[in-house]
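Engineer: Supplied in structure tokens, the structure appears directly below.
The values are calculated or read from the model by the stated rules, or taken from the named source; none is laboratory data. The structure presented is a predicted model; accordingly, all values stated were derived computationally and were not measured. Every residue, glycine among them, receives a Cβ derived from its backbone with ideal geometry; neighbour counts consider all protein chains shown. Areas reflect the complete protein model, heavy atoms only, side chains present, ligands, DNA and RNA absent. Shrake-Rupley method; radii C 1.70, N 1.55, O 1.52, S 1.80 Å.
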Amino acid sequence: MTSILGDISPEQFLKEYWQKRPLLIRGAFSSAQVSGEDALISAEELAGYSLEDEIESRLMEKNGDSWQLEHGPIDESKYVELGDENWTLLVQSLDYFHPPLCDLIKACSFIPRWRLDDVMVSFATNGGGVGPHLDKYDVFLIQGDGQRRWRVGHKDQATVIFCPHPQIAQIEPFDADMDVIVNPGDLLYIPPNTPHWGESIGDSTCYSVGFRAPSIGGIVQKLLQLPQTDLDRLWSDEDRLTRQSANGELTPDMSLWAEQQLKQLWTSDDYLMAFGKEVTELKYPEMLEVPSDDELKDWIDLALQEGVKAEPLARMTYFAKNDELWLFINGEWQVMHTSLKPIVEQLNLTFACSADELNALDDQVAHIFLSFAVALGALKPASFDI
Ligand code: SIN
Ligand code: CO
């Protein structure tokens, strides 16, 4: 597969653009792949997903300076009422629900899978869009059918935030460094906190491959869930309480105690464990097909005969520690043999591993790995559909 970065190497992209500067790549995807009859998703399919309860969607309409927002599920009758202009439908996490969109994930394998969040798809009529705004995370905007005009500023540009609707955060129109019309297959990379503003020219679709980064709050939550975390240590004030303490004053030794306890609560291995769990956790784990307990053995036998395919929605990451490989898959963790390292790396990069490569492993090592990864829906025998 040729790279979606065109003439730019992944190394150059990561060094010069990632998290730093927006970038437009013309023809990153072929127009046949992302638009027209064989597009990854049609406007009708998109509207269909917006009717479903479990899928997050938004319909935004603009009327002069006034904005309306409706969250899904959208009632089918709404589509009859809508005019021909100035509205957009955005449907979130469709990579979980519409497998052809996983091709977009595979095309981004030069970024670690655990940094990827989901694929959102928008359909907009002429003039439609979400207005000028900022996002916290990186995003690849891939133009599907039709055209859009994008105005893009630079990272951390001074902007004025305002809310034209209680649930819509926008910024005032800003000085754009880039003002372009994108065509089917073009890709626009937007770094975090970079003003951008897309307006549809006629009807158009846009695929957003959104990235995520773990927050310290998320890591702390995972730390708190580690079974070895001892949260029952109590403050002791033996020889510390005085008659004056009854006046209610708290003293600095109390914050010192809390600080010292917190430092002792977790080791660097615990931090790593929390990080691995946090970044591999899935938004909709139930959407992954997993074998029943009875099927697991057959799937593993088949995997050893045919090789395996990796489920693009799954997240697999590892930490090489002395003579162990700490393997994290979909928020779960297990210690594995280091000989699996090249296999895990290959699966992340190419989404496949042959029977010969699996059989070159020690039998027990291969079985432990496959039992873990197949049971979690991260790997399937090569002949299965993904
Ligand atoms: C859109 O698809 O219209 C919105 C994408 C974005 O600006 O993040
Ligand atoms: Co955005």
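Engineer: In the range 177-234, which residues are more than 24 Å from Tyr96 (Cβ to Cβ), β-branched (Val, Ile, Thr) and within 16 Å of ligand 1 (Cβ to nearest atom)?
Structural biologist: Hits for the range 177-234 are Val180, Ile181, Val182, Thr194, Ile201.
Engineer: Further question: Hey, does the range 106-113 have a residue that's more than 21 Å from Leu69 (Cβ to Cβ) and among the aromatic types (Phe, Trp, Tyr)?
Structural biologist: Checking the range 106-113: at least one residue is more than 21 Å from Leu69 (Cβ to Cβ) and among the aromatic types (Phe, Trp, Tyr).
Engineer: Could you list, in sequence order, the residues of the range 111-169 that are among the charged types (D, E, K, R), surrounded by fewer than 16 Cβ atoms within 10 Å (Cβ to Cβ) and more than 12 Å from ligand 1 (Cβ to nearest atom)?
Structural biologist: Lys155, Asp156
Engineer: Could you list, in sequence order, the residues of the range 312-329 that are open to solvent by 20 Å² or more (accessible area, probe 1.4 Å) and within 26 Å of Ile111 (Cα to Cα)? Explain how you work it out, then say what you get.
Structural biologist: Filtering the range 312-329 down to residues open to solvent by 20 Å² or more (accessible area, probe 1.4 Å) leaves 317-324.
The answer is Thr317, Tyr318, Phe319, Ala320, Lys321, Asn322, Glu324.
Let's see how each residue does on (1) open to solvent by less than 40 Å² (accessible area, probe 1.4 Å); (2) in contact (Cβ under 8 Å) with a residue 60 or more places away in the chain:
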{"position": "Val209", "(1), (2)": "yes, yes"}
{"position": "Arg212", "(1), (2)": "no, yes"}
{"position": "Leu223", "(1), (2)": "yes, no"}
{"position": "Thr229", "(1), (2)": "yes, no"}
{"position": "Thr242", "(1), (2)": "no, no"}
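Engineer: Looking at the structure I just gave you, is Asp65 loosely packed, with under 14 Cβ neighbours inside 10 Å and farther than 25 Å from Pro195 by Cα? If you could, list the steps in order and put the result at the bottom.
Structural biologist: On the way: loosely packed, with under 14 Cβ neighbours inside 10 Å: yes; farther than 25 Å from Pro195 by Cα: no.
Against the criterion (loosely packed, with under 14 Cβ neighbours inside 10 Å and farther than 25 Å from Pro195 by Cα), Asp65 does not qualify.
Engineer: Quick one: would you say Asp156 is more than 16 Å from ligand 2 (Cβ to nearest atom), in a loop (DSSP other than H, G, I, E, B), closer than 30 Å to Asp175 by Cα and over 14 Å from the mean Cα position of the chain (by Cα)?
Structural biologist: On the way: more than 16 Å from ligand 2 (Cβ to nearest atom): no; in a loop (DSSP other than H, G, I, E, B): yes; closer than 30 Å to Asp175 by Cα: yes; over 14 Å from the mean Cα position of the chain (by Cα): yes.
No: the conditions fail for Asp156.
Engineer: What are the pairs, 6+ residues apart or on separate chains, where a residue within the range 113-141 that is without any contact (Cβ under 8 Å) to a residue 60 or more places away in the chain has its Cβ under 6 Å from a residue that is within 12 Å of ligand 1 (Cβ to nearest atom) and assigned to a loop (DSSP other than H, G, I, E, B)?
Structural biologist: Final answer for the pair search is Lys136/Pro192.
Engineer: Answer yes or no as to whether Ile171 is more than 16 Å from ligand 2 (Cβ to nearest atom), out of contact with any helix residue (DSSP H, G or I) (no Cβ under 9 Å at 6 or more places or on another chain) and modelled with pLDDT of 95 or more.
Structural biologist: Values: more than 16 Å from ligand 2 (Cβ to nearest atom): no; out of contact with any helix residue (DSSP H, G or I) (no Cβ under 9 Å at 6 or more places or on another chain): yes; modelled with pLDDT of 95 or more: yes.
Against the criterion (more than 16 Å from ligand 2 (Cβ to nearest atom), out of contact with any helix residue (DSSP H, G or I) (no Cβ under 9 Å at 6 or more places or on another chain) and modelled with pLDDT of 95 or more), Ile171 does not qualify.
Engineer: So which residues in the range 123-139 are within 20 Å of Pro184 (Cα to Cα) and either within 10 Å of ligand 2 (Cβ to nearest atom) or assigned to a loop (DSSP other than H, G, I, E, B) (or both)?
Structural biologist: Within the range 123-139, the first condition is being within 20 Å of Pro184 (Cα to Cα), and the residues that meet it are 123-130, 139.
Thr125, Gly127, Gly128, Gly129, Val130, Val139, listed by residue number.
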